[in-house]
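Peer 1: This is the structure, below, for whatever I ask next.
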Amino acid sequence: MNQLIYITLFSFTLLLNYNLAHADDHMQAGPGAIEILSCKYNDGKSDKDLAKVVKEWNKWQDKQEGDYQSWTMVPYAFDPSQYPLDVDFFWFGLSSNWKNFGKDMQSWLDEGISTHGENFDSVAPCSSRALFSAIPIRQFDFEVKEGHSNPFQISNCKIKEGKTFQDLLKVASQFNKVLDGNGDNAGIVAMIPDAGNPANPDWDFKLGVGWSDYKNFGNSRSNWYSGTGDEAAKTYGTVVDCDSPRIYSSTQQR
């Protein structure tokens with residue numbers, strides 16, 4: 001287990017250094033910090049009750065030091081035989097870096113959990129927290145209309161034998177140019193597993209792809225079957241193998 005952690009961290013360091021040195025116009029320096037929690041509504045509770053709790057929590061969060069953002073992600077398309085889900089939504093939290101994430105978590109443990117935490121639990125208790133380091137591959141440079149949901153796609157990916165994360169970033173830069181030519185507004189992020197993930201997963205990272213709305217998602221899928229998919233095979237396909245994606249409807253809460 002320790003050897004796996006050391007290898008992962010070493011590979012991640014190389015990836016980060018490469019990203020800083022070779023990022024194109026659509027890449028940003030990382031890493032960000034991500035947490036994902038599994039949540040289920042209590043009997044008689046719904047997203048309307050959650051919205052009331054989030055509203056009060058946001059007032060408290062405004063006074064904190066960090067830059068924490070969050071979304072709720074409701075499963076939209078997935079294979080229940082492969083990914084049995086006994087959840088109503090996932091809570092997806094993001095800080096721009098681990099230092100800010102630490103500030104937010106300390107504030108939450110010192111103060112927030114005893115008040116707002118109880119309010120959250122009364123509506124939809126969350127468990128099974130998993131942490132990830134986020135390496136932006138293509139900027140999320142779109143805005144989602146308030147109250148609207150946008151699609152977010154996640155795949156588990158494994159680096160092919162003899163390839164590295166540096167190779168991934170090289171082909172990602174090439175594929176970004178294809179997306180530029182199609183006018184695709186997809187944002188892409190590599191999520192490197194940290195604490196709370198399986199000890200020996202059969203994947204190396206999760207690839208997240210988001211669009212501003214389902215209209216742009218549809219345009220992207222249309223382009224995929226008209227040639228973008230072939231370009232993905234020539235670029236990403238030479239470095240990684242990814243499983244069938246799951247799609248979630250995400251709504252920004254902060």
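Peer 1: In nanometres, what is the gap between the two model label sites at K45 and E143, each 7 Å from Cα along Cα-to-Cβ?
Peer 2: It is 3.2 nm.
Peer 1: Now for a different question. Might you report the magnitude of the Cβ-based charge dipole of the chain about its Cα centre, with Lys and Arg at +1 and Asp and Glu at -1, to the nearest 20 debye?
Peer 2: Result for the chain is approximately 200 debye, rounded to the nearest 20.
Peer 1: Given 0.36 nm per residue, what is the gain on full extension from S244 to N200 after removing their alpha carbon distance, in nm?
Peer 2: Computed gain between S244 and N200 is 13.9 nm.
Peer 1: Listed here are the pairs K158/K234; K160/K206; K59/K99; K163/K234; which of them are more than 18 Å apart at the Cα? Walk me through the numbers on the way to the answer.
Peer 2: Details: K158/K234 16 Å; K160/K206 14 Å; K59/K99 22 Å; K163/K234 15 Å.
Violating the 18 Å limit, Cα to Cα: K59/K99.
Peer 1: Relative to the Cα centre, what is the charge dipole magnitude of segment 86-146, using +1 at the beta carbon of each Lys and Arg, -1 at the beta carbon of each Asp and Glu, and rounding to the nearest 20 debye?
Peer 2: My answer is approximately 360 debye.
Peer 1: Next question. Could you work out the relative contact order of the chain? I mean the mean sequence separation of Cα pairs under 8 Å and 6+ apart, divided by the number of residues, in percent. Provide the component values of the computation, followed by the final result.
Peer 2: Values: 447 pairs, mean separation 72.6, N = 254.
After rounding, I find 29 percent.
Peer 1: Any chance you could give the angle, 0 to 90 degrees and rounded to 10, that helix 98-107 forms with the longest Cα principal axis of the chain?
Peer 2: Its long axis makes an angle of about 10 degrees.
Peer 1: Any idea what the relative contact order of segment 150-245 is, in percent, if you count C-alpha pairs under 8 Å spaced at least 6 apart?
Peer 2: The value is 51 percent.
Peer 1: Please name which of F78, F89, L109 has its Cα lying farthest along the dipole of segment 2-252 towards the positive end, using unit charges on Cβ (Lys, Arg +1; Asp, Glu -1) and the Cα centre as origin.
Peer 2: Going by the charge dipole, the pick is F78.
Peer 1: For the chain, I need the span (max minus min coordinate) of the C-alpha atoms along each principal axis, in Å, sorted largest to smallest.
Peer 2: Projected onto its principal axes, the Cα set of the chain covers 50, 42, 37 Å.
Where a number appears in this text, it was derived from the coordinates with a stated rule and is not lab data. For clarity, every value in this text was computed on a predicted model and none was experimentally measured. Backbone-built Cβ (ideal geometry, glycine too); neighbour counts: all protein chains shown.
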